[in-house]
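Chemist: One structure coming up, written as structure tokens, with questions to follow.
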Amino acid sequence: EGLPEIEQPAQDRVHNTVENNLLLKEMKFERSARQDVLKSARGGYWPTVDVVGQYNLFAKFNNYQQYYSSFQQNNFGIGILIRIPLFSPRTSSSVALARSQLAETDLTLGKLHDDAEIEAKQGALKVADQDAALKVSRLELKLAQESLALIQSRFDQGQATLKDLEQARLDEGEKWLAFLDLD
């Protein structure tokens, strides 16, 4: 709020600066991860089907063949496990947690985006201010040089004193220093 409009090339620079901000990119990846967590948490409402297999190799030194009539040393079992979530408070709580984390990430991402945009606009304004100050300093230097040339010509004609000439030279030197500092 309150920032003046910037010309189009500066806006492009601001947009590029915001888009290339590493913290924003990191938060976008974090948001994507939170969306995936929410999607997987919502998947807990749907039935699941698992294929289960188990292989056992029993030892003969336990003498199982004496106690069990159908003992086999190599034993293999396979089955299907079906889960139907009729009442699952854990699923609803994990969905609520995932939603709240996604909302938190969205707020953080929006705040970071706004902060980065404001910082980039302030940087562009600072550059524009520095350019303007440099132009003003350049114009002041030209004015001091022209004033020195005028006083030099008046001194040559005998209309100005040596003090006026030296003061004009000092002014020009100060303007040079100011220009060089800004440049």
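The values are calculated or read from the model by the stated rules, or taken from the named source; none is laboratory data. None of these values were measured; they are calculated from a predicted model. Cβ atoms come from the backbone with ideal geometry, glycine included; neighbour counts cover every protein chain shown. The accessibility values were calculated without ligands, DNA or RNA, using every heavy atom of the protein model including side chains. Shrake-Rupley method; radii C 1.70, N 1.55, O 1.52, S 1.80 Å.
Chemist: If you stretched the chain out fully between Y68 and L134, how much longer would it get, using 0.36 nm times the residue separation minus the C-alpha to C-alpha distance? Walk me through the numbers before you get to the answer.
Modeler: Values: separation 66, 0.36 × 66 = 23.76 nm, distance 9.90 nm.
Working it through step by step, the gained length comes to 13.9 nm.
Chemist: What nm distance separates the two modelled labels at Q167 and T91, each placed 7 Å from Cα along Cα→Cβ?
Modeler: Taking the two extended label points, one gets 9.1 nm.
Chemist: Of all the accessible heavy-atom surface of the chain, with the other protein chains kept in place and a 1.4 Å probe, what percent is carbon and sulfur?
Modeler: Values: 8010 of 14430 Å².
That share works out to 56 percent.
Chemist: So what's the angle, to the nearest 10 degrees on a 0 to 90 scale, between helix 8-19 and the longest Cα principal axis of the chain?
Modeler: It works out to around 30 degrees.
Chemist: For a distance above 24 Å, tell me the whole-number percent of Cα pairs in region 5-102 that qualify.
Modeler: 63 percent
Chemist: Same structure again: Assuming R0 = 22 Å, what is the FRET efficiency of R99 and V49, from their Cβ-Cβ distance, to the nearest 0.05?
Modeler: That pair, R99 with V49, gives E of 0.25.
Chemist: Percent of Cα-Cα pairs per 10 Å bin, from 0 to the last occupied bin, for the chain, please list those.
Modeler: Reading upward from the zero bin: 8, 15, 12, 12, 12, 10, 8, 7, 6, 4, 3, 2, 1, 0.
Chemist: Hey, with R₀ at 25 Å, roughly what FRET efficiency would K39 and I82 work out to, going by the Cβ-Cβ distance, to 0.05? Please report the intermediate quantities before stating the final value.
Modeler: Details: r = 22 Å, r/R0 = 0.88.
It comes to 0.70.
Chemist: A further question on this structure: Averaged per residue, what accessible surface does the chain expose to a 1.4 Å probe, in Å²? If you can, show how the numbers build up before the last one.
Modeler: Working: 14430 Å² over 183 residues.
Ligands and nucleic acids excluded, the result is 79 Å² per residue.
Chemist: May I ask for the angle, rounded to the nearest 10°, between helix 162-182 and the longest principal axis of the chain, with both axes built from Cα atoms and the value confined to 0 to 90°?
Modeler: For 162-182 against the chain, the angle is about 10 degrees.
Chemist: Another question about this same structure. How large are Rg and Dmax for region 79-178 when calculated on the C-alpha trace, in angstrom?
Modeler: Here Rg and the maximum Cα pair distance are 35.3, 116 Å.
Chemist: Would you mind computing, in nm to one decimal, how far apart the modelled labels at W176 and D115 are, each placed 7 Å from Cα along Cα→Cβ?
Modeler: So the two model labels end up 4.7 nm from each other.
Chemist: Okay, moving on. Under the Karplus relation 6.51 cos²θ - 1.76 cosθ + 1.60, θ = phi - 60°, what is the ordered set of whole-Hz ³J(HN,Hα) values for region 76-93, x standing for Gly and Pro?
Modeler: After applying 6.51 cos²θ - 1.76 cosθ + 1.60, I find 9, x, 9, x, 10, 10, 10, 10, 10, x, 7, 9, 9, x, 5, 5, 5, 5 Hz.
Chemist: Another question about this same structure. Considering only the other residues whose Cβ falls under 13 Å of the Cβ of L97, what net charge follows from Lys and Arg at +1 and Asp and Glu at -1?
Modeler: Details: positive: R34, R42, R90, R99; negative: E104.
Result for the neighbourhood of L97: +3.
Chemist: Here's something else I'd like to know. Against the longest alpha carbon principal axis of the chain, how many degrees, from 0 to 90 and to the nearest 10, is the axis of helix 22-42 turned?
Modeler: Approximately 20 degrees, to the nearest ten.
Chemist: Can you tally the lysine pairs in region 9-143 where the Cα-Cα distance is under 26 Å and the two residues are eight or more apart, or on different chains?
Modeler: 13
Chemist: Along its three principal axes, how long is region 36-89 when you only count alpha carbons? Whole Å, largest extent first please.
Modeler: Result for region 36-89: principal-axis Cα extents of 53, 22, 17 Å.
Chemist: Where does the charge balance sit around A120 when Lys and Arg score +1, Asp and Glu -1, over other residues with C-beta under 14 Å from its C-beta? Mind showing how you got there, number by number?
Modeler: Numbers: positive: R13, K121, K126; negative: D12, E19, D114, D115, E117, E119.
That sum, taken over residues with Cβ under 14 Å, equals -3.
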